[in-house]
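Student: The structure is given below, and queries will be raised subsequently.
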4 protein chains.
Amino acid sequence: MQHFDSDYMEGAHPLILQRLAEINLDKNPGYGGDVYCAAARRKIREACGCPEAEVHFLAGGTQANAVVIGALLRPYEGVIAASTGHISVHEAGAIEAGGHKVLTLPQKHGKLCAAEVRRLIETFERDGNRAHMVKPGMVYLSHPTEYGALYSAQELREISAVCREYKIPLYLDGARLGYGLAARETDVTLRLIAGLCDVFYIGGTKVGALFGEAVVFSRPELADHFFTIVKQKGALLAKGWLLGVQFDVLFSDGLYLSIAGHAIDMAEKLKAGLREKGCRFYYESPTNQQFIVLENSRMEELAREISFSFWEALDENHTVVRLATSWATREEDVDRLLCLL
Amino acid sequence: MQHFDSDYMEGAHPLILQRLAEINLDKNPGYGGDVYCAAARRKIREACGCPEAEVHFLAGGTQANAVVIGALLRPYEGVIAASTGHISVHEAGAIEAGGHKVLTLPQKHGKLCAAEVRRLIETFERDGNRAHMVKPGMVYLSHPTEYGALYSAQELREISAVCREYKIPLYLDGARLGYGLAARETDVTLRLIAGLCDVFYIGGTKVGALFGEAVVFSRPELADHFFTIVKQKGALLAKGWLLGVQFDVLFSDGLYLSIAGHAIDMAEKLKAGLREKGCRFYYESPTNQQFIVLENSRMEELAREISFSFWEALDENHTVVRLATSWATREEDVDRLLCLL
Amino acid sequence: MQHFDSDYMEGAHPLILQRLAEINLDKNPGYGGDVYCAAARRKIREACGCPEAEVHFLAGGTQANAVVIGALLRPYEGVIAASTGHISVHEAGAIEAGGHKVLTLPQKHGKLCAAEVRRLIETFERDGNRAHMVKPGMVYLSHPTEYGALYSAQELREISAVCREYKIPLYLDGARLGYGLAARETDVTLRLIAGLCDVFYIGGTKVGALFGEAVVFSRPELADHFFTIVKQKGALLAKGWLLGVQFDVLFSDGLYLSIAGHAIDMAEKLKAGLREKGCRFYYESPTNQQFIVLENSRMEELAREISFSFWEALDENHTVVRLATSWATREEDVDRLLCLL
Amino acid sequence: MQHFDSDYMEGAHPLILQRLAEINLDKNPGYGGDVYCAAARRKIREACGCPEAEVHFLAGGTQANAVVIGALLRPYEGVIAASTGHISVHEAGAIEAGGHKVLTLPQKHGKLCAAEVRRLIETFERDGNRAHMVKPGMVYLSHPTEYGALYSAQELREISAVCREYKIPLYLDGARLGYGLAARETDVTLRLIAGLCDVFYIGGTKVGALFGEAVVFSRPELADHFFTIVKQKGALLAKGWLLGVQFDVLFSDGLYLSIAGHAIDMAEKLKAGLREKGCRFYYESPTNQQFIVLENSRMEELAREISFSFWEALDENHTVVRLATSWATREEDVDRLLCLL
């Protein structure tokens, strides 16, 4: 069976495991007050070109979203997100459980556009009943999106400009950020993101770490009492250095980008092969998630030898499925997959 | 200035004020344990044909919605509502502040349809990722809707059937229930509602009371510890008898329906007059809220002498405005309004 | 049966009912945007000597506490209160339901002391683990307390000084504020309270109103988006003018204090009579709530003719009961009560 | 510097790291649907003598407490805990953030007693105002306690009997459960705990795992929709097998108890040595946490060479400090520590 279900099926990059083994019996203080967290913070700040940034390490993406959004919003505010955003659909109501509405907007391949964001905010501001309504208090983006799509630098700049005009923070969910940064045609860099967003997270779980996400507040004043909020949400890891070590390794010698680049290479090889075979793409994804359209009978046949993610029914006879590569995908597995198709 | 802004601009029906004055210096036990609440409960149960119903009195509609929905949903559940539902738009995120997502559906004049409700539930049930998603745990209707529209008995039966098939409670927001029951062509009665819904509230604030809504659990087992939940939400009135007296009067001698009928008469007179003058209706509303389309210049002109509610911009040159009658509308005011138009 | 159970057994002062009747069929805008609320706000600001104060009207005390405390605290903060405070014991967990811990302190007749408040805050500040703990973010007092006791001006000054030193707001629950202000020996005035507290409420429900409490922010910057928070908590009355009218009447011609003074007169008469009969007091209450100790057999006997509140078991053979006077207590009822004892 | 600060200063038992390395590049399904979680569940059920138990793996103790308590309580309920309980003091208000009050009781070395639990419940049941109060809906114990103390089998039986009499679940926080089970004189076994508690967790973070706690529902019907609740709280690890592997290793060949036994041996050696040197114990702790009383000047001197946890000031001149051993403590480190003292 060839597994292309998701990008979180393997453990960690070997260098991370090796480092964890080396320091395994060392004694470290808890809760992120250790030397590895300190080193990782320093390297991340540098990579972001943001020497003042406040960096916190959390265990997972839904957790990061719930903690950050809960920390930033006031009780009367909600968060603007794409209707397909992870927080809108696949976090079991975590944002609402924290007391806040997700204000959804139409999307394209998971992307918001600045004009729609502006329209929502302005419609709210002009509404005579707005004091009876949830105030848009934040914008949530995912980059890459849940559909593997990428914002251009220009698109991000426009959304950021709307946020700054209306003084609401811009938050970027970077669960797969590495795969976005390493994509072939993108003009979005980590520094650009740090400059345009107020807070974002750099995904580790899907990009080489055992688990872990690095939350970066480029505007550190937004991180007020964040440590305690993390604790309150049950999100504070006792052995915080486990997260520090992983990000220290990932942000040494460009590892994060280089392993993400490998996933992109594998995805491009896969795309080329699929195109050659006349496979129908759902849309042109530039990152490690590829979405193809299969006839249902063909899909069932393939499912015996390849495991992939069911994405959505396109029509009665066709289904969109996802094939994901990752930092751990081997070239021979892509070859075998292409053989099977 | 003629006021047709809303149906909650006046105090209470004079019989209610009179009764409040009569018993003003009597001594009553607090928190609804008084004889007036008891009498009102008895009369409401009878009017509903539901001798087992549990009845609680609350002060307002948003409060009733937040308390009831919060009491019935489990943490992992959300409530299905029309995208224009009061809980979806105009309660400042009260449902989300209680921890629950509002799962919105398209609507027609504020109405849900059974097929859409079924589709949402079945799509959820079939989704392989449903354990990562908010479970539809309740259906919320308003009758009349925020647009003054009414469900037919058949439509309610179909929605109720879907709810019962999937074992999720059906909740009806009756902020303007009287105006729905007294409409000229409806086949929906209070007994039918009590039979098809699991919980609903009978609006007093907009239909003759100073303030107050009667929450009726036709399935009393859903009201487990409801008193304490009401207290916890800050919704327990110390002098509960104030609510009991009002509903006791409203449910004596058919007062509730008869005063609602007056509002409908006034609305019908208004409709007829408007139609005669060639006025354009947004749609044919059968209840006390009438929605008409005005040219913007005409609207501004009228606004000097008539006060109404801005509803929504229809296009660049036209606006939908609402004119509302109530139990307290005087015929001469309608005449004067028609004169002005 | 003589009723001395509580101070919320009757309706409203007749002047209030009369005023409500006079304007009953007038048309008022909703949600507090009416002339009565405006007038009441102006009079309250004046009575408080606080021309900048922001004043909001709510329906009840638990509601006021939950809304105010929820609005002022940040997610990582809790509220300091006496272990017997209404929010600590008798609000069904309303504060916790809003996400915040009540940090309880020992009390005397329901009163906190500044030294204890300081100790709690300083102990927190010195605790090496404080980032894992709930931060004291507010102090809650009731005046009179749940036991009818009063702070002296000096005691309030000291508590206020601690709050200001540590920059946390001081909130005073004035459910029975009138009875405190009208007590015979107090040196605490409304102006003093407005000067020392950051937010407080003036109780109407127990002091002459049908229902209603006036929340006064002497530091108006704390009331940020308070209207929307009120709406979200289901606490916004559609016919807000009902509250405005009541407080307008209560704050005209010194009515609030004069009717409270009557309750105090009745309580003093009751005290004198009880003392004469050798009755044992639980403690010397200066306000409208009197606490006496009865032998259990005597208590049962009296309960046939007088209704009072069971307060607490003192020992196996004795019980503390509460007798409450109010603005509505008639002198002949006190006489009859004393006869019966 | 000799480190005896805490029992979570090292990584994982070498067998765990080795196993993680072996399977690092295998492909596993996410969210706990893997073979390692399945194996760990099977072994834990067996060790608990509870073939029907439902087992879920979470990342940390505060998270386990917040998720379990939030899942089990109804909105109107609170959880009974010792005033020193971890949930009462050191979880930054996580339980309250989830909407529930912690109902605290006095304790001895962190232990509750059945009689106090019964008294709290019965006092509530007898209180005429109980419908205005938080209902005790659950009992929380820690075993060992935060002070390293252990319940006897008889004490647990009595508390469990009270819980069953009043039909409220008993939850045991086993952050350091291994060290309790391996203590020299205890008569409490894992099977006994599974039989007496309704839900409990077996701590991994402090007993040999990198991180992770195994939540065991001995009454599986209490785990209704627990997976979704875990997701909603941001507590669902994408790579759930990381937790499964760790507990699979810990529950193979008795590893969990044997490594905990080593920590106990080290603690006993430390105790014997300290006693020999005339050291004053705060109390006789039977587990891996030892509490000793030091003169302040002596404490400062020692702090240059030994790192320990400040626990509390005993009086002006003496301080209680904690020395903790763990599965990773080396005998030579204890020797060196004793030398230094």
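Student: If you keep only loop residues by DSSP, which GluC sites (Glu not before Pro) in the range B:181-225 have at most 15 other Cβ atoms within 10 Å of their Cβ?
Tutor: Here the GluC sites (Glu not before Pro) that fit, given the DSSP loop and packing criteria, are B:E185.
Student: Take C:V35 and B:S309, extend 7 Å from each Cα along the Cα→Cβ direction, and tell me the distance between the two endpoints in nm.
Tutor: The two pseudo-label positions are separated by 2.4 nm.
Student: For D:R184 and D:E165, calculate 0.36 nm times their separation in residues minus their Cα-Cα distance, and state this gained length in nm to one decimal.
Tutor: 3.7 nm
Student: Within the set A:K206/D:K206; A:K108/B:K167; C:K206/C:K233, which residue pairs have Cα atoms separated by over 25 Å?
Tutor: A:K206/D:K206; A:K108/B:K167
Student: If you put a point 7 Å past Cα along the Cβ direction, how far is that point for B:M1 from the same point in each other copy, in nm, smallest first?
Tutor: Distances between equivalent label points, in nm: 4.9, 7.1, 7.2.
Student: Based on the alpha-carbon gyration tensor of the range D:162-215 and its eigenvalue square roots a ≥ b ≥ c, which shape applies: rounded if a/c is under 1.5, prolate if not and a/b is larger than b/c, or oblate?
Tutor: Taking the square roots of the gyration eigenvalues as a ≥ b ≥ c, the range D:162-215 is oblate.
Student: Sticking with this structure for a sec: What longest range of chain A stays clear of loop-exposed trypsin sites (Lys or Arg not before Pro) (DSSP non-H/G/I/E/B, at most 10 other C-beta within 10 angstrom)?
Tutor: Longest stretch, sites excluded: A:1-166.
Student: When the Karplus curve 6.51 cos²θ - 1.76 cosθ + 1.60 is applied with θ = phi - 60°, which whole-Hz ³J(HN,Hα) does each residue of the range A:72-79 get, with x for Gly and Pro?
Tutor: 8, 7, 7, x, 8, 10, x, 10
Student: I'd like the distance separating the alpha-carbon centroids of the range B:245-294 and the range D:26-68, in whole Å.
Tutor: What the calculation gives is 60 Å, centre to centre.
Student: Hey, another quick one. Using a 10 Å cut-off on Cβ to Cβ distances, tally the other chain neighbours for every residue of C:75-87 and report the average as a whole number.
Tutor: Per-residue shielding by partner chains comes out at 3.
Student: Also, I was wondering about something else. Rounded, prolate or oblate: which one fits the protein assembly as shown, using the alpha carbon gyration tensor with axes a ≥ b ≥ c (rounded when a/c is under 1.5, else prolate when a/b beats b/c, else oblate)?
Tutor: Oblate shape, in that a/c is at least 1.5 and b/c is the bigger or equal ratio.
Student: Run lengths n ≥ 4 of DSSP H only: what is the helix-derived mean residue ellipticity at 222 nm for the protein assembly as shown, with -39500 (n - 2.57) per run over all residues, to the nearest 500?
Tutor: -11500 deg cm²/dmol
Student: Report the charge-dipole magnitude of the protein assembly as shown in Debye, nearest 20, computed about the Cα centre from +1 at each Lys and Arg Cβ and -1 at each Asp and Glu Cβ.
Tutor: 0 debye
Student: Follow-up question, since we're still on this one. Could you go through the range A:159-171 in sequence order and give the Karplus-derived ³J(HN,Hα) for each residue, using 6.51 cos²θ - 1.76 cosθ + 1.60 with θ = phi - 60°, rounded to whole Hz, and x for Gly and Pro?
Tutor: Each residue of the range A:159-171 in turn: 5, 4, 5, 4, 4, 5, 4, 9, 6, 10, x, 9, 10 Hz.
Student: Something else: With point charges of +1 on the Cβ of Lys and Arg and -1 on the Cβ of Asp and Glu, referenced to the Cα centre of chain C, which listed residue (C:A21, C:L72, C:S88) lies farthest in the positive direction of the dipole?
Tutor: Toward the positive end, the furthest listed residue is C:L72.
Student: Moving on. Mind jotting down the distance between the C-alpha centroids of the range A:110-148 and the range D:138-178, whole Å?
Tutor: What the calculation gives is 48 Å, centre to centre.
Student: Only Lys, Arg, Asp and Glu count, each charged at its Cβ (+1, +1, -1, -1), so figure out the dipole size of chain B about its Cα centre, rounded to 20 debye.
Tutor: Rounded to the nearest 20 debye, it is 740 debye.
Student: Same structure again: Check the axis relating chain C to chain D and name the residue of C whose C-beta is nearest, distance in whole Å.
Tutor: Nearest-to-axis residue on chain C, with distance in whole Å, is C:E96, 2.
Student: Considering only the label points, 7 Å along Cα→Cβ from Cα, what distances in nm to one decimal separate D:R130 from the same position in each other copy, shortest first?
Tutor: Computed spacing set for this position: 3.8, 4.0, 5.0 nm.
Student: Which parts of the range D:10-50 would a label at A:R336 reach, counting a residue when its backbone N lies under 15 Å from a point 7 Å out along Cα-to-Cβ?
Tutor: The answer is D:25-28.
Student: Hey, what's the protein assembly as shown come to in accessible area per residue, 1.4 Å probe, Å²?
Tutor: 35 Å²
Student: Okay, next question. Work out from phi, with θ = phi - 60° and the Karplus expression 6.51 cos²θ - 1.76 cosθ + 1.60, the ³J(HN,Hα) of each residue of the range C:309-320, listed in order in whole Hz, and give x for Gly and Pro.
Tutor: 9, 5, 9, 6, 6, 7, 8, 4, 10, 10, 10, 8
Student: List the cysteines of chain C that have no other Cys Cβ closer than 4.7 Å: which are they?
Tutor: Within chain C, the cysteines lacking a partner Cβ under 4.7 Å are C:C37, C:C113, C:C163, C:C197, C:C279, C:C339.
Student: When Cβ neighbours within 10 Å are restricted to other protein chains, what is their mean count per residue of peptide A:59-66?
Tutor: That works out to 5 on average.
Student: Continuing with this model, one more query. Residues with amide H under 5 Å of C:S307's amide H, sequence separation 5 or more or different chain, H placed in the peptide plane at 1.01 Å from N; which?
Tutor: Answer set, sorted by chain and number: C:Q2, C:H3, C:F4.
Student: Starting from the Cα gyration tensor of the range D:122-180, take the square roots of the eigenvalues, sort them a ≥ b ≥ c, and report rounded, prolate or oblate (rounded when a/c is under 1.5, otherwise prolate if a/b is larger than b/c, else oblate).
Tutor: prolate
Student: If you don't mind, there's one more thing I want to ask. Roughly how much accessible area, to the nearest 100 Å², goes out of reach of solvent when C and B pair up, both sides summed, probe 1.4 Å?
Tutor: 3600 Å²
Student: Take every residue in peptide C:22-35, count the Cβ atoms of other chains within 10 Å of its Cβ, and give the average of those counts.
Tutor: 4
The values are calculated or read from the model by the stated rules, or taken from the named source; none is laboratory data. Source: prediction; values computed, not measured. Neighbour counts are summed over all protein chains in view; Cβ atoms, including those assigned to glycine, are modelled from backbone coordinates with ideal geometry. Note: accessible area is taken over every heavy atom of the protein model, side chains too, but ligands, DNA and RNA are not part of it. Shrake-Rupley method; radii C 1.70, N 1.55, O 1.52, S 1.80 Å.
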